[in-house]
Amino acid sequence: MASPYGAARRWGCHDGPVPSSPIVLRSTDPRVPTLLAEGWAVSARSWAARLDLAGPDHLAMEAAARRLDGLLEVRRLEQGDVPAALDLDRVTCGDYPGDVATAHRALTTGTAAPSPGRRAFGAFEPDGRLVGMTYVDVDGTTAEVDFTVVAGERRGRGIGTGLKAASMLALARDGVATVRTGGSDDNTAIVAANEALGFVVDERWVTLRR
């Protein structure tokens with residue numbers, strides 16, 4: 001659920017399993033103060049949020065998506081877009097903020113391929129260059145955002161927010177009722193974007209290291 005809309009402290013991306021040495025717990029877990037007293041320290045804070053798409057009011061998302069009209073083409077990614085998705089992932093792979101809880105696994109040809117259970121949406125420049133993408137795993141009427149990323153030089157222009165809004169609207173049209181997403185507390189841009197789109201934070205997590 002990582003989402004590097006902007007720059008922050010970086011954990012990066014991984015080609016293999018995320019290291020298992022840190023401990024990730026809900027912030028309210030009673031073990032947290034015990035571990036802190038034993039010499040562990042909080043290395044990162046993260047959150048998860050929920051969006052109800054079943055309601056009729058999608059005005060905020062529609063407004064955010066419209067801001068990209070005439071500037072970028074936003075559409076579903078297709079099999080032919082996989083090479084562009086891999087290229088964008090490669091140059092942004094080290095930009096994910098936080099620690100293991102929000103680490104991003106590098107895309108492969110398989111995980112970059114859209115499917116009914118793995119929807120993908122992209123934002124394209126007029127010259128056809130892919131500058132933003134979001135991948136969402138869908139299971140019936142529920143979905144979870146895997147990640148959203150925007151090319152470094154194009155951040156801070158509302159692309160991530162508009163792209164995520166467009167993807168949520170498309171999912172709503174497809175019958176998805178609930179979407180979950182998440183990210184790092186370090187990334188204030190994505191926190192603000194999700195709030196603007198109507199996501200409600202319902203979980204907070206801490207990553208602890210010795």
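The values are calculated or read from the model by the stated rules, or taken from the named source; none is laboratory data. Please read these numbers as outputs of a predicted model, since none were measured by experiment. Every residue, glycine as well, gets a Cβ built from its backbone with ideal geometry; the counts of neighbours run over all protein chains shown. When the accessible area is computed, the model is the full protein with side chains, heavy atoms only, and any ligands, DNA or RNA have been set aside. Shrake-Rupley method; radii C 1.70, N 1.55, O 1.52, S 1.80 Å.
The angle between the Cα long axis of helix 82-92 and the main principal axis of the chain comes to about 40°, on a 0 to 90 degree scale.
For the stretch 118-210, the share of DSSP beta bridges that are antiparallel, to the nearest 5, is 85%.
Per atom type, the chain shows carbon and sulfur on 52% of its accessible surface, probed at 1.4 Å. Since only Ala63, Gly158, Ser46 are under comparison, the one whose Cα sits farthest along the positive direction of the charge dipole of the chain, derived from C-beta charges on Lys, Arg, Asp and Glu, is Ser46. Determine the sum of side-chain charges near Gly117: Lys and Arg each +1, Asp and Glu each -1, restricted to other residues whose C-beta is under 13 angstrom from that of Gly117. With Lys, Arg at +1 and Asp, Glu at -1, the neighbours total -3. Amide hydrogen proximity for Thr141: with H placed 1.01 Å from N in the peptide plane, no residue at 5 or more positions away or on another chain lies under 5 Å. For the chain, the longest principal axis of the Cα atoms and the long axis of helix 159-173 meet at an angle of about 80 degrees.
Springs between Cα atoms under 10 Å define the GNM used for the chain, and in it the highest mean-square fluctuation of Thr161, Thr34, Thr148 occurs at Thr34. Along the axis of the charge dipole computed for the stretch 103-210 (Cβ charges of +1 for Lys and Arg, -1 for Asp and Glu, origin at the Cα centre), the listed residues Leu169, Gly198, Phe147 are led at the positive end by Phe147. A simple charge model with +1 on the Cβ of Lys and Arg, -1 on the Cβ of Asp and Glu and nothing else charged puts the dipole of the chain at about 360 debye relative to its Cα centre. With all protein chains kept in place, the per residue accessible area of the chain amounts to 47 square angstrom at a probe of 1.4 angstrom. For the stretch 94-210, the Cβ-based charge dipole about the Cα centre amounts to some 120 debye (Lys, Arg positive; Asp, Glu negative; other atoms uncharged). Applying a DSSP loop filter and a limit of 12 other Cβ atoms within 10 Å to the GluC sites (Glu not before Pro) in the stretch 58-93 leaves Glu78.
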